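Each reported figure results from applying straightforward, stated rules to the coordinates on display, with no laboratory input. As the structure is a prediction and not an experimental result, all values here were calculated from the model. Heads up, the Cβs are rebuilt from the backbone with ideal geometry, glycines too, and the neighbour counts pull from every protein chain shown.
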Amino acid sequence: LLKSTMTITGLGTLVMLSKNIAPHKGGGGGLYAWQSTVMVTNGAHLDISENKACGGGGILLADNSKLRVEGRESELIVGRNIIRCDAGADARMIGIKQMGGAGILATGDGTSISVKDQAKVFVMHNTIYISLDRRIAALQPGGGSSLHHGTSLTVQDAEINFVGNTATGSAGGLAFFS
């Protein structure tokens, strides 16, 4: 999504983004949002699973993007996504601001994630693999999610779960950077 809005709404509504691959320099294997809003509301479900990228294996939210999961029975599942950079050069090409977050990567001022009003988010079994450059591997934080400078996470009367995620750097579950 580029300067766009995606709204998934209504009980029983399901959107699946599964088994997609972003090119070796790309991010957001399942969903890439730049200055965009993604809303999951009123009992809808968004499933982002088994995607691959060099940054933000499942979701990459960039530059004032918003992810909103709101309302009873609304659910976001981000599972079994992979960051795979087979060479340090691949990771350097996308820039330090887009490092980590095999499940969800949030970067850029004003980017936010909000989970409210009995909604549920599951970030599970996402993995970071870096094979050649140990210096780049050490920079890959947040196997589940990585939120960089200028971003925010709000959970209000809702549930968010980070389970079984793996990082090569710090924070297997959730990493925040200032």
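So here's what we get for this one:
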item	result
Highest to lowest packing among 43-53, 154-164, 73-83, 111-121, scored as the average C-beta count within 10 Å	73-83, 43-53, 111-121, 154-164
With 5 Å bins from 0: P(r) over segment 1-42, alpha-carbon pairs, percent	6, 19, 23, 24, 18, 7, 2, 1
Local electrostatic count at Leu14 - Lys and Arg +1, Asp and Glu -1, tallied over other residues with Cβ under 15 Å	-2
Inter-label distance for Gln118 and Met6, nm, one decimal - labels placed 7 Å from Cα along Cα-to-Cβ	2.7
